[in-house]
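Below is one structure, written out as structure tokens; the observations come after it.
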Amino acid sequence: MHDLTFPLRWRVVLLTPALAFFACFWLLPIARLMQISGDGHVVSTYLSVLTNRRYLDSLLATVALSVAVTLCTLLWSVMVGLFLVRHAFPGRRVLVALLTFPLAFPGVVVGFMVIMLAGRQGLIGALTLALTGDKWVFAYSMAGLFAGYLYFSIPRVIVTVMAAAGKLDPALEEAARSLGANPWQIMRDIVLPALAPALTAAAAVCFATSMGAFGTAFTLATDIDVLPMTIYTEFTLNADMVTAAVLSLLLGVVTWAVLALARNLTGQAAAAAA
Amino acid sequence: MDRLPPQPSVLSVAATRPGARKISAHQPLRFWLLLMQALLTCLLCAFLIVPMVMSILAGLTVNYFRGLASGLTLRWIEAVLGTYSDSVLASLYVAAATLAIVLATGMPAGYALARSPTRLARLIEEMLVLPIALPGLASALAILAVYGSFSGFRNSLWFIVVGHVVFTLPFMVRSVAAICASVDLRTLEEGAASLGASFCQRCYTVVLPNAWPGVLAGALTVVTLSLGEFNLTWMLHTPDTKTLPVGLADAYASMRIEIGSAYTIIFFAITMPLLIVMQMLGVDPGGNLQRKPARTARRDVGLPPLASNSNPTVDTPGNDKRATNPTAQDPLR
């Protein structure tokens, strides 16, 4: 397409700084990381890492944790998001603002919030000690990590759910109700299908973020074997750059694939809805 | 946000019909569902907000173990400012430098990509977003592998700035591209050009005034992300180049809980204003404007008749697909 007011020369000039920076400080380094991960004999290096029991366990634990976090986040956020969109009460705006603040917290701060709740001097510990005489401290385990990942995932998904639910046509639900559908049927046949594209995208982001989350795990405990922690230990303690490179590229491929898949699934749906 | 679904008027009509019994049969179920939703909402508020309040209180109490009864003090905040003021300042420098570089590179790129309807432009756009689709750990290892041995560079704050720019650039590019695509800049620019405006004149009178809300949204996002960035920064930092979140991790690991909490208060104090402004402007966490940009943006356009009459697309809220498509994971974790 010929564009008189924006000749090719200007396009190149305007794009060059960003592309140069990107090529210099991301493309080139990632290419080098791939080269390092190959270590001269690509197949055997990758095979030895992938068949290593410890790394495999770490990968599976991370995937299982991320799936659990994603499912729980979706369930909780849909319930709360729909409630917040449909019911007006004083202070709702402030409440929504407070609920979305955790979005800007770094992983380390999220970890600290979990320590505040479930750590050695945490609230849950104090409450359970008073109620049952037994002190519950789970911040420094997989359960603590689960709580932390929920803490940073839910606000993001709630924002998405509220935005999507605000666009729902209330007439559809009214019609269903007047035809005798019960609340579960309305949820299953009307609300969820309408939210599906937004939820798919949010689930993918939630899963990918949980897979790559490092700060929370770093604050809570260094001996939980989730993949980012494994990569970190390989790199710093064992100075094993090859394994760290293989694992981080593996992690990158998984998160990128999930995000790309969700985008392909929802891209068409979004286009159809627009 | 304040829009409420109208009360179900259909119900009152339906109540007089034969199907009415069926509907009322669902009333208890609906009540329990509502109750459950309300309970879950309260539980979520407790889960998300209580720890924030607790950490603020903990940073202000004399002895957290003994509780609020031990009295309130600013001692811990002073201690943090004494020990960690360098890392707080470093973070502010890094955020400012990151913002400057991202503005200089990302703003023109976003505009150029939005004005180019070619497949190559879409490909470049996809490529530029890659750093946020991959975990920060991978990018940090990669940068270390290539530039880690340049010790002058490695030991300066610029090393961290580079990491932050790589990470935040996509947000600026997307934000600017989305707003440029939602306004028909080509028509506006052709109008200006036909009246004899040069490229630079058009930049100042047409492009920048229209893209300004997107630039602002992108800039706020970039600064917030840079101030909170940990994953990359932890790998890239040296003992001399600690940023705020790196200091936080350090305080959580090695200091008493009151100091960690006081440091968290300082972090809140620095980021909360940014978040509040973002929320007032309707910027979502991905750096996109959710609502229609402010009206003033259009009033400033150099060519009012053209902008308000001949270009209906100016008025539509950002219906660009990019604005609603979350393509990247949350970079802060």
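The values are calculated or read from the model by the stated rules, or taken from the named source; none is laboratory data. These numbers were taken from a predicted model, which means no experiment stands behind them. Reconstructed Cβ throughout: ideal geometry from the backbone, glycine too, with neighbour counts over all protein chains shown.
Could you list, in sequence order, all residues of the stretch B:251-260 that are under 12 Å from B:VAL62 (Cα atoms) and either assigned to a helix (DSSP H, G or I) or at the interface with chain A (Cβ under 9 Å from one of its Cβ atoms) (or both)? It would help to see each step written out before you state the result.
Our first condition is that a residue be under 12 Å from B:VAL62 (Cα atoms); within the stretch B:251-260, this holds for B:256-259.
Selection gives B:ILE257, B:GLU258, B:ILE259.
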Original post:
Assuming B:ARG119 fulfils every condition listed in (1) among the basic types (Lys, Arg); (2) facing another protein chain (nearest Cβ under 9 Å); (3) free of Cβ contacts under 8 Å to residues at least 12 places away in the same chain apart from one, which condition is it?
Top reply: (2)
**OP:** Test A:ALA239 against the stated conditions and say whether it is surrounded by fewer than 22 Cβ atoms within 10 Å (Cβ to Cβ) and either farther than 20 Å from A:ALA68 by Cβ or within 11 Å of chain B (Cβ to nearest Cβ) (or both).
**Re:** yes
**OP:** Residue by residue through the stretch A:174-225, note down the ones that are polar (S, T, N, Q), buried (at least 19 other Cβ atoms within 10 Å of the Cβ) and more than 7 Å from chain B (Cβ to nearest Cβ).
**Re:** A:SER210
Subject >> Flag for B:ALA90 being surrounded by 21 or more Cβ atoms within 10 Å (Cβ to Cβ) and under 17 Å from B:VAL166 (Cβ atoms) >> reply: no
Original post:
Of the residues A:LEU103, A:LEU50, A:LEU56, A:LEU74, which single one is out of contact with any strand residue (DSSP E or B) (no Cβ under 7 Å at 6 or more places or on another chain), within 12 Å of chain B (Cβ to nearest Cβ) and not aromatic (Phe, Trp, Tyr)?
Top reply: A:LEU103
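The rows are residues; the columns are (1) touching a residue at least 60 places away in the same chain (Cβ under 8 Å); (2) closer than 30 Å to A:GLU173 by Cα.
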| residue | (1), (2) |
| --- | --- |
| A:PHE22 | no, no |
| A:ALA31 | no, no |
| A:GLY38 | no, no |
| A:SER48 | no, no |
| A:THR51 | no, no |
| A:SER77 | yes, yes |
| A:THR100 | no, yes |
**OP:** May I ask you to list the residues in the stretch A:120-146 that are free of Cβ contacts under 8 Å to residues at least 40 places away in the same chain, aliphatic (A, V, I, L, M) and either in contact with an Asp or Glu (Cβ under 6 Å, 6 or more places away or on another chain) or buried (at least 17 other Cβ atoms within 10 Å of the Cβ) (or both)?
**Re:** A:ILE124, A:VAL137
Original post:
Is it true that A:MET211 is within 27 Å of B:ALA253 (Cα to Cα), of a type outside the set (S, T, N, Q), in a helix (DSSP H, G or I) and modelled with pLDDT of 90 or more?
Top reply: yes
Original post:
In the stretch A:133-155, how many residues are modelled with pLDDT under 90 and under 16 Å from the mean Cα position of the chain (by Cα)?
Top reply: 0
**OP:** Filter the helices (runs of 4 or more DSSP H) completely within the stretch B:144-201 down to those with at least 3 residues that are surrounded by 18 or more Cβ atoms within 10 Å (Cβ to Cβ) and in contact (Cβ under 8 Å) with a residue 60 or more places away in the chain.
**Re:** B:157-182, B:185-194
**OP:** Could you list, in sequence order, all residues of the stretch A:105-137 that are farther than 26 Å from A:VAL205 by Cβ and assigned to a loop (DSSP other than H, G, I, E, B)?
**Re:** A:GLY119, A:ARG120, A:GLN121, A:GLY122, A:GLY133, A:ASP134, A:LYS135, A:TRP136, A:VAL137
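Among the residues in the stretch B:36-53, are any more than 10 Å from every other protein chain (Cβ to nearest Cβ) and either under 27 Å from B:ARG256 (Cβ atoms) or in a helix (DSSP H, G or I) (or both)?
Within the stretch B:36-53 (the criterion being more than 10 Å from every other protein chain (Cβ to nearest Cβ) and either under 27 Å from B:ARG256 (Cβ atoms) or in a helix (DSSP H, G or I) (or both)), the answer is no, since none of the residues qualifies.
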**OP:** Kindly indicate whether A:PHE83 is within 13 Å of chain B (Cβ to nearest Cβ), assigned to a helix (DSSP H, G or I) and either surrounded by 12 or more Cβ atoms within 10 Å (Cβ to Cβ) or touching a Ser or Thr at 6+ places or on another chain (Cβ under 8 Å) (or both).
**Re:** yes
Original post:
Restricting attention to the stretch B:60-106, which residues are among the charged types (D, E, K, R) and in contact (Cβ under 8 Å) with a residue 40 or more places away in the chain?
Top reply: B:ASP86
Original post:
Out of all the residues in the stretch A:234-241, is one or more without any contact (Cβ under 8 Å) to a residue 12 or more places away in the chain and among the aromatic types (Phe, Trp, Tyr)?
Top reply: yes
**OP:** Within the stretch B:207-222, identify whether any single residue is polar (S, T, N, Q), surrounded by fewer than 23 Cβ atoms within 10 Å (Cβ to Cβ) and within 11 Å of chain A (Cβ to nearest Cβ), and answer yes or no.
**Re:** no
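Could you check, for the stretch A:147-154, whether at least one of its residues is without any contact (Cβ under 8 Å) to a residue 24 or more places away in the chain, closer than 29 Å to B:TYR263 by Cβ and part of a helix (DSSP H, G or I)?
The answer is no; no qualifying residue exists.
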